[in-house]
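What follows is a set of notes on a single structure, which appears directly below.
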Amino acid sequence: MFICRLRLLPRPSPSFCSHVIITQRFSSRAATPSQQCLAVSTLHATPSSQTPKFDSPPSDPSDHLQYLGGNPPSWSDQDTDRRPMFPINQEETEKMVDSDPVPTLCELYARLRTPFSEPPTPLSIKQVHGIAIRARKEGCKTALDNLTRNILASPEPVRTELARTLLSIPGLHLKPSLTASLLYRTVPNLPSSLSLYASVHTAHILMHHPSPFKTKKSLACLAENIADALKLHQRYTPLTNLGHATRIWTLFRLRKREPAMRLLQSLIETSYIPPEAIHRVDRSSGDFHLIVTLTLVRSCIFWNWNRKALVLTRNYYLSKASSVGPAITKLCQDVLHTLMEFPTNDDLELSLAFINDTVSSPKPLAVSPGIIRQMYANAQHLNRPHIAISLFALSLNQAARSFVEFPLPSGSALTWLLRHLSRQAGHIHLTRRLVEQVVNRCEHIPLANRAEFISIAAESGFASPARTLWVRYSSGKEGQIVAGNAAMVVRMCSLFATLRRKAINKSRISQVAAETTISSVDGGLDDAGIVLYASSEEGEDLRNFANLVLTRFRKAKEPLQQASREDLNALARANIILGRVKEGLKILRVVPDRWFDIWFASGPGPDGVSFGTVVYQAGRHGDVAVITGLLRLARETGQQLTTKTVAAVIRASVVFSGKDKDAVRDNLTRALEIVIANEDSNHLASSNMGKFCIEEALKVDDPTLAFQFWNRLLRTRAEWDDDLHAYLRRQIAKSIHTHCKNDAGRQEMVSALIKSPRKT
């Protein structure tokens, strides 16, 4: 979707007399020094504030003109009558200063870096320009101050030429007092010889003078020069290029009334101040400061300088906070509304700071609920949760609550804010207050976000609000969407199961305390019984509610055979949490049974590896029924078992024979036959299998079987000198001496156990 803004190009107003004369016929209060301000005093953010400074010194040569604005447009000085004394190429000049083969300029710069130093010889225009460029590049204020003082000490007419050179260099952070002295100590026509850019830059510096009355005459001269230069500049730069008007921002902050009147007339004649900004201003108040502020703010809005409009509005509001009228109230609403239309991150920061000022001032300003909700929505859109959190914390401020009830976020921004609050442990109190306000105000939660909101509230431990919201939204036509949410049912059951356990523990502690009381009056026993009854009743209520949540969820997901894996998993977890372990495990088998039937119906079945894995795990857990069923299934499906699976079956058959020696002996005999038939298998005829069968054969007093397993599985595979191997041979020999006294092969078996097969 494309959004276009269309503006009618304003025609230059022929005169501002109809407005200027009216403003000059205002009451005598307008002539007082306090009423001579066009804008207001500079405002800086406090150290604890997160907002940027509004009038901090710029770090870029053109920042003082574009501050809080967009990218600076190209600006060429078209005033051919005021060209510099010589062509200036900034890059070549900086390169020349850094690598000057003549050490004079470098030595002079090093000398000027020393406080209150003087050059040994008079300064030249080239030296002033080179030293100023280098000082600006290195950020050396001492060198600039000493350079300015030495220019002031120079005789005329050199002083005027040097001052013009210094003031024409862009981006110099000169001291306001020294700049005022330069204008005062030079010939009267110096301001008129400066370019438009240099005049605006100089006026910006003088605005920060600690004694404004000392700059009154200089600003008046600069205002005349700027007014004439604006008309000349308009002939070279068409007004249709709205971007170039950002250079005029500095003039909007001019504080003196006399220069301001001259500049306003010129700005209106050149259409930098559009006619719409003048016609919409209410002049009935008779306040020159207010009328000019309204005019400039409307002009900023016209040029899409929304943040700059907020700067002027905030400055005026803070200076007149105790006597704010309906005009400035409406202006604040308009500026905030414009700023929230297509905001940036900085716009949100500035708007938050301004709203904070309005609710903290002696006479709070009512902010439209629509603006507050739009600010929440913009914070969500730009993914700036800290803005929304700060705004919500501001709404809980005592001053804010005593003045107006701030609205909560609307739509999906409400759950978005709760989600970010719950993730930070330091904001747990804000999380609780947000949930409580939603419950108490019956705030609407979108259908798609209700289950998540309740789930977050339950996960945070807010049982009462979560229960209220669940009861409110789980009934009706749309109730199944909330009651059937998998994440929510687990959180709710977990929370209320925990609360029930705490109530039971509390009841038991009270019961023990009552039983161990040696001497108690009847009233005391009655009180203890009441406490026990209340605790028992509370636990029963919690259990019933948790069961209700679980029942509603199961009903929403029936039939379970068609439920998703996530829903079945949540249902099983909720049952186990509430102590229904068998029911939970039964639900967990729905998915495997469903897929088992699908597998066999589709054709492919489990292979030998799958059978072996399950047989092995069943053997570890002693589940004979599973092993028997798998072997039967393998026989029915004609599945060939792997030797690894057979080894697992052998182990299981021997272990599960229990204390029945005949059964163990029979199983060992079958195992020996399988080993003989699969002697080439590394999995079946292994050393571990041999050790296991030897130990089991010795337990049932059958040394012959033990010797057979040793001879086939360990004799040539195990290290002869291994401690465990030697121990097994000794045990077999001992068993032979005990149980095979009349056996003909007794001596042969003993000899084999004693003599190593590797010895020749």
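Stretched out fully, how many nm does the piece from Val471 to Glu695 gain, at 0.36 nm a residue minus the Cα gap?
Values: separation 224, 0.36 × 224 = 80.64 nm, distance 6.48 nm.
Stretched fully, the Val471-Glu695 segment lengthens by 74.2 nm.
Is the shape of segment 642-760 best called rounded, prolate or oblate, per the rule: a/c under 1.5 gives rounded, else a/b larger than b/c gives prolate, else oblate, with a ≥ b ≥ c the square roots of the Cα gyration tensor eigenvalues? Could you put the intermediate results ahead of the total?
Working: a/c = 1.94, a/b = 1.22, b/c = 1.59.
It is oblate, given that a/c is not under 1.5 and a/b is not larger than b/c.
If you take every residue apart from Ser455 with its C-beta less than 12 Å away from the C-beta of Ser455, what net charge results, scoring Lys and Arg +1 and Asp and Glu -1? Write out the running numbers ahead of the final one.
On the way: positive: Arg419, Arg450, Arg491; negative: Glu452, Glu459.
Local charge sum for Ser455: +1.
Extending each Cα 7 Å along its Cβ direction at Glu443 and His621, get the distance between those two points in nm, one decimal.
Reported label-point gap for Glu443 and His621 is 4.7 nm.
With a sphere of radius 12 Å drawn around the Cβ of Tyr317, what net charge do the other residues whose Cβ falls strictly inside it have (Lys, Arg +1; Asp, Glu -1)?
Numbers: positive: Arg314, Lys320, Lys363; negative: Asp357.
Residues close to Tyr317 contribute a combined charge of +2.
Assuming R0 = 25 Å, can you tell me the calculated FRET efficiency for the pair Ala110 and Tyr184, based on Cβ-Cβ distance, to the nearest 0.05? Before the final figure, lay out the partial values.
Details: r = 30 Å, r/R0 = 1.19.
Efficiency, from the Cβ-Cβ distance: 0.25.
Rounded if a/c is under 1.5, else prolate if a/b is larger than b/c, else oblate: which is segment 346-421, with a ≥ b ≥ c the root eigenvalues of its Cα gyration tensor? Intermediate values should be presented prior to the final figure.
Details: a/c = 1.93, a/b = 1.59, b/c = 1.22.
Judged from the Cα gyration tensor, segment 346-421 comes out prolate (a/c at least 1.5, a/b above b/c).
Mean separation of Cα pairs under 8 Å and 6+ residues apart, divided by the residue count of segment 642-760: what relative contact order is that in percent? Numbers along the way, then the final one.
Details: 93 pairs, mean separation 24.3, N = 119.
Relative contact order comes out at 20 percent.
Give me the net charge of Val128's neighbourhood, meaning all other residues with Cβ under 12 Å from the Cβ of Val128; Lys, Arg count +1, Asp, Glu -1.
+3
For Thr329 paired with Thr142, estimate the spin-label separation in nm (one decimal), with each label point 7 Å from Cα along the Cα-to-Cβ line.
Taking the simple label geometry, Thr329 and Thr142 are separated by 5.6 nm.
Under the classification rounded if a/c is under 1.5, otherwise prolate if a/b is larger than b/c and oblate if not, where does segment 350-394 fall, given a ≥ b ≥ c as square roots of the Cα gyration tensor eigenvalues? Mind showing how you got there, number by number?
Working: a/c = 2.67, a/b = 1.79, b/c = 1.49.
Note, shape of segment 350-394 comes out prolate.
Using 0.36 nm per residue of separation minus the Cα-Cα distance, give me the extension gain between Glu540 and Ser564 in nm, one decimal.
Working: separation 24, 0.36 × 24 = 8.64 nm, distance 3.16 nm.
Computed gain between Glu540 and Ser564 is 5.5 nm.
From the cross-link list Lys644/Lys755; Lys477/Lys555; Lys175/Lys217; Lys557/Lys582; Lys506/Lys555; Lys582/Lys644, which pairs have alpha carbons spaced over 23 Å apart?
On the way: Lys644/Lys755 32 Å; Lys477/Lys555 14 Å; Lys175/Lys217 18 Å; Lys557/Lys582 19 Å; Lys506/Lys555 33 Å; Lys582/Lys644 33 Å.
Checking Cα-Cα distances, Lys644/Lys755; Lys506/Lys555; Lys582/Lys644 exceed 23 Å.
Would you kindly state how much longer the chain becomes between Lys586 and His381 on full extension, computed as 0.36 nm times their sequence separation minus their alpha carbon distance, in nm to one decimal? Show your work: numbers first, answer last.
Values: separation 205, 0.36 × 205 = 73.80 nm, distance 4.49 nm.
Fully extending the segment from Lys586 to His381 adds 69.3 nm.
Each value in this text was obtained by applying a stated rule to the coordinates, not by laboratory testing. All figures in this text were calculated on a predicted structure; none of them were measured in a lab. FYI the Cβ positions are ideal-geometry reconstructions off the backbone, even for glycines, and counts take in every protein chain you see.
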